[in-house]
Amino acid sequence: MSSISSKLPSIARVVLGLAFFVFGLNGFLHFLPQPAMSGPPADFGAALFATGYMFPLIKGTEVAASLLLLSNRYVPLALAVLAPVVVNIVAFHAFLAPAGLAIPIVVLGLELYLARSYKDAFAPMLQARTEPHTNPPTSGHTRVPAHAS
């Protein structure tokens, strides 16, 4: 593997992490100007805002997952948590505000590239059938259920 291609997953991870960190924090601190919206995009945003919890939940999720990406810890978990957020961002722009679709497409590309880069971590989750893991007792003693006295 060439030196640049070996660094691409790290570069993509940091870029995606920074994007969600900045835009997630902006949801709380409002340091980036927001373009004026009208019509269905504004109605959608107003409905989410009116719930009182949805925007803080989404933006808090973005910040938490971005910190995992930036710290290179639990990256597959961060990608799994961000996946529905990315889908909704792309859908919002595809159906309600198509003029702003370019950045969401880049974010989707980064998400998909990283998911492929971490495919071994996702493989167990993508099995059609699996059995739950059962741990044998750790000591030599057998536990007796409370109702078996």
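Values as computed for the structure displayed
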| read-out | value |
| --- | --- |
| Pairs where the first residue, in segment 71-99, is surrounded by 15 or more Cβ atoms within 10 Å (Cβ to Cβ) and the second is not in a helix (DSSP H, G or I), C-beta under 8 Å, 6+ apart | Val75/Tyr118; Pro76/Tyr118; Leu79/Tyr118; Val90/Leu101; His93/Leu101; Ala97/Met37 |
| Positions within segment 53-74 being out of contact with any helix residue (DSSP H, G or I) (no Cβ under 6 Å at 6 or more places or on another chain), closer than 17 Å to Gly17 by Cβ and among the aliphatic types (A, V, I, L, M), in sequence order | Ile58, Ala64, Leu67 |
| Filter pass, Leu79 being within 11 Å of the chain's Cα centre (by Cα), under 18 Å from Ala19 (Cα atoms) and not hydroxyl-bearing (Ser, Thr, Tyr) | yes |
| Residue match in segment 8-20 (condition: among the polar types (S, T, N, Q), in a helix (DSSP H, G or I) and surrounded by fewer than 16 Cβ atoms within 10 Å (Cβ to Cβ)) | yes |
| Residue in segment 34-52 that is free of Cβ contacts under 8 Å to residues at least 12 places away in the same chain, of a type outside the set (Gly, Ala, Ser) and closer than 21 Å to Gly17 by Cα present | yes |
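Coordinate-derived values only; no laboratory data. Source: prediction; values computed, not measured. As a convention, Cβ positions derive from the backbone with ideal geometry for all residues, glycine included, and neighbour counts pool all protein chains shown.
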